[in-house]
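Let me begin by presenting the structure, written as structure tokens, before commenting on it.
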């Protein structure tokens, strides 16, 4: 399927920008701020600025800025977490340019936490052998960073922020080069003329039943890039965060109990109070996330329970309220006093290591199409992301994409038209039920521990749903999201089945 739109589309407005950035998280904002000020730039947000994975990010930003650390140590930890599948050159770029980006954020007013001496407060998280994780607002790093950068974006006359704008399709000229996009804004179709599109749409969490991602994370940018012919890579590598806050109620987004809680002394325990990660890895609770997630799943299989616990009660109430204000408040609202009570947790979909394949400048195989942040596969994460490398990736490769865009030609008004597309019949099925079916299949067969028979079954079921969707159309926004969820889900399973061996976050346990 080439387009999500069909021949019945009526364009209400045409706009022109030199650069169109799809996504308003850290990757999108930072890319926009690094675009030269003489180039017109649009940031498309599906909702408002505060609805993104970046806004929700608690853990922090990893960079070798401590006096006893250096990029080589960060490089080694990243390769180890990535299970040997990282792009070494990309990792080298990440760890060496990372400290410079932190300095830029400090100069741009991001309020990083400071220690008693007034220096940057630096902590440690899973998989790191050195303290190198910076935080802002305790456990609100993403929110504080996005807030600071969004204020800067608002002051740039060359940047237009477009809220409530949904991205449909990428348009190419006769040479296969980007020359436009089709979006909807406030329910009306808009044609955008542009020579540069940056996909920064974040994750694919809504492919699963439970995710830390917001409800807008339906893989829109990845699916649109796939329809346009861009290459995707490593979609089988999905990080399940070990400690999503467990509840027996249905939620659109699972609240995250940050890795930083374990980094500051939180212990994983089963219902009997036993530390079951001890002996499974030298770092115990702070082992790479795939190992901790599997450890929890194994423990739950053995006990028959639905969740385990994080115990941080050794710390004082005063410390916890100051260090983890968001987590403390959220847990308290659910009747959990984390200074006295253990926190119920279970693994939950959290992050996609793969995505749209890019080079080290954010370029995809389609001229004029870039990707950065979680939607991209730069190669830095390999088979398993090192904690807090994701926000650093947004900064390093977002800036690099902006630098490369400076070499591209400006937009030519009147250079793009909506292609001649056949009309499709209207969809008359329950879109909500189809989406739930996909989520159930992925949560059952594409979870922490997988087997080939289950994945083949799920792939067949989802392929049938995708075929049904591709043969129809609808102006219901849920149609596009369900189409994108199905597109990405099938691609994840296809990639997973193509890799029969277990590595990193992709763990296959066949029952044959």
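The values are calculated or read from the model by the stated rules, or taken from the named source; none is laboratory data. Source: prediction; values computed, not measured. Cβ: placed from backbone, ideal geometry, glycine included. Neighbour counts: every protein chain shown.
Worth a mention:
- Segment 492-504: number of residues that are buried (at least 22 other Cβ atoms within 10 Å of the Cβ) and modelled with pLDDT of 95 or more: 3
- The residues of segment 124-156 that are in contact (Cβ under 8 Å) with a residue 60 or more places away in the chain, part of a loop (DSSP other than H, G, I, E, B) and at negative phi, listed by number, are 124, 125, 126, 128, 130, 131, 132, 135, 139, 140, 156.
- Boolean, residue 348 is in a helix (DSSP H, G or I), within 28 Å of the chain's Cα centre (by Cα) and in contact (Cβ under 8 Å) with a residue 24 or more places away in the chain: no
- Residue selected from segment 41-58 under the condition touching a strand residue (DSSP E or B) at 6+ places or on another chain (Cβ under 7 Å) and part of a loop (DSSP other than H, G, I, E, B), by the criterion modelled with the lowest pLDDT: 58
- Some residue of segment 257-273 being assigned to a helix (DSSP H, G or I) and surrounded by fewer than 24 Cβ atoms within 10 Å (Cβ to Cβ): yes
- All conditions in (1) under 23 Å from the mean Cα position of the chain (by Cα); (2) free of Cβ contacts under 8 Å to residues at least 60 places away in the same chain hold for residue 117, with the sole exception of (1).
- Members of segment 301-335 that are closer than 29 Å to residue 505 by Cβ and surrounded by fewer than 17 Cβ atoms within 10 Å (Cβ to Cβ): 301, 302, 303, 304, 305, 306, 334
- Filter result for residue 233 (closer than 28 Å to residue 502 by Cβ and either in contact with a helix residue (DSSP H, G or I) (Cβ under 9 Å, 6 or more places away or on another chain) or touching a residue at least 24 places away in the same chain (Cβ under 8 Å) (or both)): yes
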